[in-house]
Amino acid sequence: MKGTKMKTKIATSFAIVLITALGANVIGAEKTPDVSVKNMPPSVVKTIPAPGETAVDPALKEICVTFSKDMLTNRMWSVCQISKETFPESAGPIRYVDQRTCVMPVKLEPGRTYVLWFNRGQFNAFRDAQNQPSVPYLLVFETRN
């Protein structure tokens with residue numbers, strides 16, 4: 001008899017915990033937001049040079065960044081630096097070549113490490129056609145000697 005009571009108490013406790021857990025997911029739970037490509041912010045899907053590349057040709061004339069969605073192309077971008085020493089010298093105006101790809105003309109030097117943020121903190125002018133800022137993206141690469 002004692003074993004049966006213990007089994008009943010354990011089963012009852014398990015049922016209470018299960019019902020409580022299920023109830024927490026149903027009662028008062030927030031509705032899951034509408035998740036779709038359209039509703040989520042854009043993100044960087046490709047860069048030239050590639051992130052982490054360590055033998056970039058210093059003769060490279062443009063840094064290219066491609067986003068996951070069509071972007072606002074009306075002269076809006078935020079290419080941010082962490083220091084003057086690690087930011088490439090500009091060789092002309094930044095421009096979009098299509099709805100998703102932006103290019104930054106540069107003059108690179110051999111044997112250097114370059115660091116660029118595409119959107120960062122309050123500087124978030126890379127925005128999709130619905131005016132959502134892109135997820136911040138860090139690009140770090142090195143040029144060969």
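Throughout, read-outs are computed from the coordinates displayed, never taken from laboratory work. Remember, predicted model here, so these are calculated numbers, not experimental data. Positions of Cβ are generated from backbone atoms using ideal geometry, with glycine treated the same way; all protein chains shown enter the neighbour counts.
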Checklist entry - How about LYS69: which aspartates and glutamates have a C-alpha closer than 13 Å to its C-alpha, ignoring those fewer than 8 places off in the same chain? => result ASP98, ASP128
Checklist entry - Taking neighbour counts of Cβ atoms within 10 Å as a proxy for exposure, in what order, fewest first, do CYS80, CYS102 appear? => result CYS80, CYS102
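Students often check this: by mean Cβ neighbours within 10 Å, which of 35-41, 69-75 ranks highest, and how do the rest follow?
Values: 35-41: 10.9, 69-75: 15.3.
Highest mean packing first, the order is 69-75, 35-41.
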Checklist entry - What list of ³J(HN,Hα) couplings, whole Hz, do you get for segment 55-68 from phi and the Karplus terms 6.51, -1.76, 1.60, once you set θ to phi - 60° and write x for glycine and proline? => result 9, 5, 5, x, 7, 3, 9, 9, 9, 10, 10, 10, 9, 6
Item to check | Between segment 125-145 and segment 57-85, the alpha-carbon center distance in angstrom | outcome: 6
Checklist outcome for this item: Kirkwood Rh for segment 45-145 from C-alpha pairs, in Å, is 13.7
Checklist entry - In terms of Cα to Cα distance under 16 Å, which aspartates and glutamates are near enough to LYS84, apart from those fewer than 8 places away along the same chain? => result GLU109, GLU142
